[in-house]
1. So which of GLU126, GLU164 is crowded, with 18+ Cβ neighbours inside 10 Å, more than 30 Å from TYR288 (Cβ to Cβ) and among the acidic types (Asp, Glu)?
2. Look through segment 66-103, keep the residues that are among the polar types (S, T, N, Q), closer than 20 Å to GLY199 by Cβ and assigned to a strand (DSSP E or B), and return whichever of them is modelled with the lowest pLDDT.
3. Can you tell me which residue is nearest to GLU70 (Cα to Cα) among those in segment 324-373 that are of a type outside the set (D, E, K, R) and surrounded by fewer than 12 Cβ atoms within 10 Å (Cβ to Cβ)?
4. Just checking, which of VAL208, VAL201 is among the hydrophobic types (A, V, I, L, M, F, W, C), in contact with a strand residue (DSSP E or B) (Cβ under 8 Å, 6 or more places away or on another chain), surrounded by fewer than 17 Cβ atoms within 10 Å (Cβ to Cβ) and assigned by TED's automatic domain parsing to the domain that holds LEU99?
5. Which residue is farthest from ASN223 (Cα to Cα), if the candidates are limited to segment 117-174 and must be in contact with a helix residue (DSSP H, G or I) (Cβ under 8 Å, 6 or more places away or on another chain) and not in a helix (DSSP H, G or I)?
6. Please verify whether segment 231-238 includes one or more residues that are surrounded by fewer than 18 Cβ atoms within 10 Å (Cβ to Cβ), free of Cβ contacts under 8 Å to residues at least 12 places away in the same chain and under 27 Å from the mean Cα position of the chain (by Cα).
7. Does LEU310 meet the test of being surrounded by 15 or more Cβ atoms within 10 Å (Cβ to Cβ) and in contact (Cβ under 8 Å) with a residue 24 or more places away in the chain?
Amino acid sequence: MKNYSNKNIMKNYITIAVIAGLLIACSAPDKKAELEKLKKQKTELETKIAALQEEVSKTDTTKSKEKVIEVIAKPLTTQLFKTYIEVQGKIDADENVSLSSEMPGTVTKINVKVGDEVTKGQVLAETDARALAQSISDMQTTMDLANQLYDKQKTLWDQKIGTEVQYIQAKSQKESVEKKMASLQEQVRMTKIISPINGTVDGVNIKVGQAIMPGLGAISVINFSNLKVKADVAETYAARIKNGNEVLVLFPDTKDSIISKVHYASRGINALTRTFMVEILLDNSKEYHPNMVAKLRINDYQSPKPEITLPVKYIQRGTDENYVLVAENGVAVKKVIKTGHEYHGVLEVTEGLKEGDLLITDGYDLVNEGDKVIVKK
């Protein structure tokens, strides 16, 4: 357009100059000389016009050239597509006990310290039982006498000597004393703090000479070999979480994680919270702490075979279709796709693409179907 305009303008100048010359020639006496002069000027102008046109044509960038857009594309690969349900839970121990004395008393002995390994039935601490010990000593004397009387009376009764009433009284006295002795021995047992499980002492909250009462937590014992993660999950997911589902367990405090499975998914729904409980067992290969926060990513879906997956941002929406642009032989090609599940901004593509297709990732918003493209290396 620019070349055409310059040419017309120059022609107009020539025409005007010629006309002006003719007018002057008509009024001048020497028309022939004037005509020759104008012809010479015309020749010079045409020579200049030709030179200018050639120069402009060499530097003109407006000539139509085919447009090529530079883009970045990546080859597509297939993989198993998984989705997860994310919930927060905490580490719990089935065998996590806080022990106290069963009777009021003053602590006289502490047999363990924090970190000690203990066994079921081991005495961890004791309170003052001197009064009971004296009562047992007195009762032992009474019981010995009652046993002797019973033995003698039984021997006589076996020989048919004496009355049955005497035998029954001796037997009753012996049994009564035995019951009293058993009661005193049970009270002595209640003055001791005894571990009901195998585990590790996690806390000692008493001191020798301290008065303690039943229900006051004195010593904590935890079995760290039997820990699990528990979490409450919204009932919406009840049909999607089953025993055996894969779980990624993240521990934010230790910046650690493990892969495990759902050990148990409760079938009952809590009427107040509308949740159900899931449990994941932990092994003893790492150090865990009861009540530590754990984040669970429970796998609730996995594609039956490896699929193409795409970030949602690369998918463009048509009137009634979804599509992406791929680079094929230097041209942007539109591929209509069908999608499945979505997770964290990534979609499962079930139809429309194949492994190895070059998805336009940078510049996809600048090209249209059919545009020439060149892929950056």
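1. After ruling out the rest, the residue left standing is GLU126.
2. ASN96
3. Residue satisfying both the conditions and the ranking: GLY330.
4. Details: VAL201 fails: surrounded by fewer than 17 Cβ atoms within 10 Å (Cβ to Cβ).
The conditions single out VAL208.
5. GLY162
6. yes
7. Numbers: surrounded by 15 or more Cβ atoms within 10 Å (Cβ to Cβ): yes; in contact (Cβ under 8 Å) with a residue 24 or more places away in the chain: yes.
Judged against the criteria, LEU310 is a match.
Each row is one residue, and each column tells you yes or no for (1) assigned to a strand (DSSP E or B); (2) aromatic (Phe, Trp, Tyr).
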position: ARG297; (1), (2): yes, no
position: TYR301; (1), (2): yes, yes
position: PRO304; (1), (2): no, no
position: ILE308; (1), (2): yes, no
position: LYS313; (1), (2): no, no
position: THR319; (1), (2): no, no
position: VAL324; (1), (2): yes, no
position: ALA327; (1), (2): yes, no
position: VAL336; (1), (2): yes, no
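The values are calculated or read from the model by the stated rules, or taken from the named source; none is laboratory data. These numbers were taken from a predicted model, which means no experiment stands behind them. Cβ coordinates were reconstructed from backbone atoms using ideal geometry, including for glycine residues, and neighbour counts include every protein chain displayed.
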